[in-house]
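No lab work stands behind these numbers, since they all come straight from the coordinates. All figures in this text were calculated on a predicted structure; none of them were measured in a lab. Here Cβ is always computed from backbone atoms with ideal geometry, including for glycine, and neighbour counts include all displayed protein chains.
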Amino acid sequence: MPSIAEEICIGNLGSLQTLPDSFTSWKLTAADSVLPPSSAVSFGAVEESIQVIDLSDSDVTTLIGNACKTWGAFQIANHGISQKLLDDIESLSKTLFDMPSERKLEAASSDKGVSGYGEPRISPFFEKKMWSEGFTIADAFYRNHFISLWPHDHTKYCGIMEEYVDEMEKLASKLLSCILGSLGVTVEDIEWAHKLEKSGTKVGRGAIRLNHYPVCPEPERAMGLAAHTDSTILTILHQSNTGGLQVFREESGWVTVEPVPGVLVVNMGDLFHILSNGKIPSVVHRAKVNHTRSRISIAYLWGGPSGDVQITPISKLIGPVEPSLYRSITWKEYLQIKYEVFDKALDAIRIVNPTN
Ligand SMILES: C=C1C[C@]23C[C@@]1(O)CC[C@H]2[C@@]12CCC[C@@](C)(C(=O)O1)[C@H]2[C@@H]3C(=O)O
Ligand SMILES: O=C(O)CCC(=O)C(=O)O
Ligand SMILES: [Fe+2]
């Protein structure tokens with residue numbers, strides 16, 4: 001006979017009145033393993049937050065540069081993404097997660113591709129289960145899932161998704177130029193990115209993750225999305241009007257990023273940490289859950305170049321006193337390592353005795 005824990009399906013979490021054991025006691029698990037021991041005991045967040053930067057500010061490069069170096073994250077206003085598109089992608093996500101569990105499971109991700117419904121990819125690295133469900137769009141296979149989810153309306157929903165991806169790609173490129181500028185380099189200094197840009201091809205591949213955190217009977221003892229860094233160049237997050245995202249900084253502890261209407265959160269990923277030769281941190285972040293309100297977030301994860309393109313620290317950021325800290329690696333190989341050793345992935349490709 002299956003145990004109660006085995007019968008719990010992530011598609012029905014919102015209907016549970018008590019928190020099952022398999023979802024509790026996060027403090028004592030590997031959830032905070034990415035953090036130094038002193039911080040693992042403080043579960044609350046301090047009063048401080050990452051800066052909101054107006055992209056039309058004349059000082060934008062300096063502001064973004066400082067935020068990246070300090071936090072590895074910032075928020076952006078005046079980003080050019082219409083409120084209608086943000087509302088549309090949020091309502092697409094709500095429609096999806098409101099469906100009966102069986103219907104969502106029909107769109108579960110499978111061996112055929114990463115795209116589809118299910119738990120976060122980081123789940124196997126944690127003993128406890130996360131209080132969330134999600135849908136990943138990482139390849140064209142998502143269209144088949146959309147057809148099964150919305151037999152009559154899939155064209156409309158695929159259209160919203162395409163528009164969202166297009167707009168996010170443009171915004172990500174703009175942010176990359178700005179961030180590189182703050183380090184005194186340009187896209188031309190990254191060979192693969194320059195080549196792709198010149199040929200009119202997209203610079204880096206993107207994935208979307210729709211996250212849903214249902215209301216939770218005991219939010220303090222649960223975790224929506226456990227502490228992690230994204231593997232990306234950068235991630236652009238649209239959080240709905242309910243807070244839950246927290247970013248971690250050694251000096252500050254966990255800091256809640258309160259949602260500001262129309263403002264997007266940007267966090268730097270592992271790949272940019274490699275490109276910047278360790279100058280920009282890939283920020284550790286997590287999502288907490290709520291007793292009274294469910295929460296949706298939409299992450300655009302801007303990944304690396306496809307194929308056998310080698311990602312390596314930007315040569316202009318390397319010198320006699322700052323030797324290359326990481327070996328070259330393809331995006332595919334980095335993802336493989338990440339999903340073998342998780343938070344040790346950057347250490348696994350670090351050059352032990354860097355010399356120049
Ligand atoms: C391209 C990718 C980044 C991602 C793993 C994936 O193959 C597709 C899902 C992405 C995501 C979204 C939620 C957080 C995250 C850590 C996860 O579990 O799946 C990221 C992954 C990542 O950045 O490594
Ligand atoms: O839901 C959130 O606030 C965080 C989501 C996130 O970190 C991710 O999708 O990578
Ligand atoms: Fe993330």
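Taking the Cα centre of the chain as reference, the dipole from Cβ charges on Lys and Arg (+1) and Asp and Glu (-1) amounts to some 320 debye. Using all pairs of distinct alpha-carbon atoms, the Kirkwood hydrodynamic radius of the chain works out to 21.0 angstrom. Considering only SER240, LEU335, VAL321, and ranking their Cα positions along the charge dipole of the chain that arises from unit charges at the beta-carbon of Lys, Arg, Asp and Glu, the one farthest toward the positive end is VAL321. Percentage of Cα-Cα pair distances in the range 282-346 greater than 19 Å, rounded to whole percent? Value for the range 282-346: 55 percent of Cα pairs lie more than 19 Å apart. Neighbour counts of other Cβ atoms within 10 Å put MET168, MET99, MET161 in the fewest-to-most order MET99, MET161, MET168. Over all other residues within a Cβ to Cβ distance under 12 Å of LYS156, the charged ones net out to -4, with Lys and Arg as +1 and Asp and Glu as -1.
Counting Lys and Arg as +1 and Asp and Glu as -1 over every other residue whose Cβ lies under 14 Å from the Cβ of LEU301, the net charge comes to +1. If the segment from LEU85 to CYS158 were pulled out straight at 0.36 nm per residue, it would be longer than the present Cα-Cα gap by 25.0 nm. Using every pair of distinct Cα positions in the range 201-356, the Kirkwood expression returns a hydrodynamic radius of 16.9 angstrom. Packing order of peptides 67-73, 49-55, highest average first: 67-73, 49-55 (average count of other Cβ atoms within 10 Å over each peptide's residues).
At 222 nm, what value in deg cm²/dmol follows for the chain if DSSP H runs of at least 4 each add -39500 (n - 2.57) and the sum is divided by all its residues, to the nearest 500? After summing the helix terms and dividing by the residues of the chain, the value is -8500 deg cm²/dmol. In plain terms, the chain from ASN241 to SER110 could stretch by 44.0 nm, reckoned as 0.36 nm per residue minus the Cα-Cα distance. The Cα atoms of the range 173-275 give a gyration tensor whose axes a ≥ b ≥ c have a/c of 1.5 or more with a/b greater than b/c, which makes the shape prolate. Classify the range 99-230 as rounded, prolate or oblate, taking a ≥ b ≥ c as the square roots of the eigenvalues of its Cα gyration tensor: rounded when a/c is under 1.5, otherwise prolate if a/b is larger than b/c and oblate if not. Since a/c reaches 1.5 but b/c is at least a/b, the shape of the range 99-230 is classed as oblate.
Does the range 64-173 classify as rounded, prolate or oblate by the C-alpha gyration tensor (a ≥ b ≥ c root eigenvalues; a/c under 1.5 gives rounded; else a/b over b/c gives prolate, otherwise oblate)? It comes out oblate by the Cα gyration axes. For SER101 and ASP166, the difference between the fully extended length at 0.36 nm per residue and the C-alpha to C-alpha distance is 20.4 nm.
The modelled label-to-label distance for the pair ARG293/ASN144, using points 7 Å beyond Cα in the direction of Cβ, is 3.8 nm.
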